[in-house]
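Engineer: Right, I'll just put the structure down here and ask away after.
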Amino acid sequence: MEEGEAKAAVTFDSLRTVQRRERDSPALSQLPDNFYSDVAAYLSEKEGAIRQAHERGGSFSEKIADQHRKELSNAKDVFHEIVSRRSRKILTMAWEAASAESVIDTSPLAPAESKLFEEAAESVKKFSDSLFSAERPKVERESLKNEMKMKVKILQALPVFVGADMKSYGPFKEGELAELPKQNANMLISKERAEKV
């Protein structure tokens, strides 16, 4: 590492901690701030250490380079598993959002993951809509959309979530009024987090 260059905020141990949390929980865990960019910096740091050891030459430097190569390979494997597990969970969340089975808390999504979630949910929703509404006239579909909203009073603070219509709603404060898709409104009412106005 060059003098004055900052050390990566991610370590192999912190990667393993995230990996364990993703393995142990069916839900997405909250990632540290700047996780993806910090991992990129960490991997780049390891690659730089390998280059520096090669430049120094000698058998001791080769042993150090081999050690860094193994660490880099292990870190990439762990990171790949984290991304794979999180991607599957995000796709499941997107399916649930599109089918309006529940209110989806998107707060654990890293900024880089939000786009995947939104695009996947939109694709599932479009596919589902095309199957169930292919034969309805457009006017009927528009009137159905308007009938599918309900005005509610929020009884407990809610994070941002994706509604049955694939639009983002919230965050909401206690006592706030909101017009939500009926599916989401009914679910919130049944869980005593909202009441019909």
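Engineer: Looking only at the range 9-46, count how many residues are within 16 Å of the chain's Cα centre (by Cα), of a type in the set (A, V, I, L, M), surrounded by 15 or more Cβ atoms within 10 Å (Cβ to Cβ) and farther than 15 Å from Asp77 by Cβ.
Structural biologist: First pass over the range 9-46, keeping only residues within 16 Å of the chain's Cα centre (by Cα): 18-19, 21-23, 25-37.
When the remaining residues are screened for being of a type in the set (A, V, I, L, M), the result is 18, 27-28, 31.
With surrounded by 15 or more Cβ atoms within 10 Å (Cβ to Cβ) added as a condition, the list becomes 18, 28, 31.
Okay, now just the ones that are also farther than 15 Å from Asp77 by Cβ, so 28, 31.
Residues that pass the stated criteria total 2.
Engineer: Return the residues of the range 76-118 that are more than 10 Å from the chain's Cα centre (by Cα), among the hydroxyl-bearing types (Ser, Thr, Tyr) and not in a loop (DSSP other than H, G, I, E, B); say none if nothing qualifies.
Structural biologist: Listed by number, the residues that qualify are Ser84, Thr92.
Engineer: Which one of Phe35, Phe60 is free of Cβ contacts under 8 Å to residues at least 12 places away in the same chain and of a type outside the set (Lys, Arg)? Outline the logic, then answer.
Structural biologist: Working: Phe35 fails: free of Cβ contacts under 8 Å to residues at least 12 places away in the same chain.
The conditions single out Phe60.
Engineer: Is it fair to say Ala112 is in contact with a Phe, Trp or Tyr (Cβ under 6 Å, 6 or more places away or on another chain) and surrounded by fewer than 15 Cβ atoms within 10 Å (Cβ to Cβ)? Break it down stepwise before answering.
Structural biologist: Working: in contact with a Phe, Trp or Tyr (Cβ under 6 Å, 6 or more places away or on another chain): yes; surrounded by fewer than 15 Cβ atoms within 10 Å (Cβ to Cβ): yes.
For Ala112, the condition - in contact with a Phe, Trp or Tyr (Cβ under 6 Å, 6 or more places away or on another chain) and surrounded by fewer than 15 Cβ atoms within 10 Å (Cβ to Cβ) - is met.
Residues are listed down the side, and each one gets a yes or a no for (1) more than 23 Å from Thr92 (Cα to Cα); (2) not in a loop (DSSP other than H, G, I, E, B):
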site: Arg20; (1), (2): no, yes
site: Leu28; (1), (2): no, no
site: Tyr36; (1), (2): no, yes
site: Glu45; (1), (2): yes, yes
site: Glu55; (1), (2): yes, yes
site: Glu62; (1), (2): yes, yes
site: Ala65; (1), (2): yes, yes
site: His68; (1), (2): yes, yes
site: Asn74; (1), (2): yes, yes
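Engineer: Would you check which residues across the range 169-197 are small (Gly, Ala, Ser), surrounded by 15 or more Cβ atoms within 10 Å (Cβ to Cβ) and modelled with pLDDT under 90 and list them?
Structural biologist: Going residue by residue through the range 169-197, those that are small (Gly, Ala, Ser) are 170, 175, 178, 185, 190, 194.
Applying the additional criterion that residues be surrounded by 15 or more Cβ atoms within 10 Å (Cβ to Cβ) yields 170, 178, 185, 194.
Gly170, Ala185 - these are the residues of the range 169-197 that are small (Gly, Ala, Ser), surrounded by 15 or more Cβ atoms within 10 Å (Cβ to Cβ) and modelled with pLDDT under 90.
Engineer: Ok, one more. Quick one: is Ala49 surrounded by 15 or more Cβ atoms within 10 Å (Cβ to Cβ) and modelled with pLDDT of 85 or more?
Structural biologist: yes
Engineer: Which one of these does Gln156 not meet: (1) in a loop (DSSP other than H, G, I, E, B); (2) within 26 Å of Ala40 (Cβ to Cβ); (3) at pLDDT 90 or above?
Structural biologist: If we test Gln156 against (1) in a loop (DSSP other than H, G, I, E, B); (2) within 26 Å of Ala40 (Cβ to Cβ); (3) at pLDDT 90 or above, just (2) comes out false.
The values are calculated or read from the model by the stated rules, or taken from the named source; none is laboratory data. In this text, all values refer to a predicted model and were calculated from it rather than measured experimentally. Cβ sites come from the backbone with ideal geometry, for glycine too, and all protein chains shown count toward neighbours.
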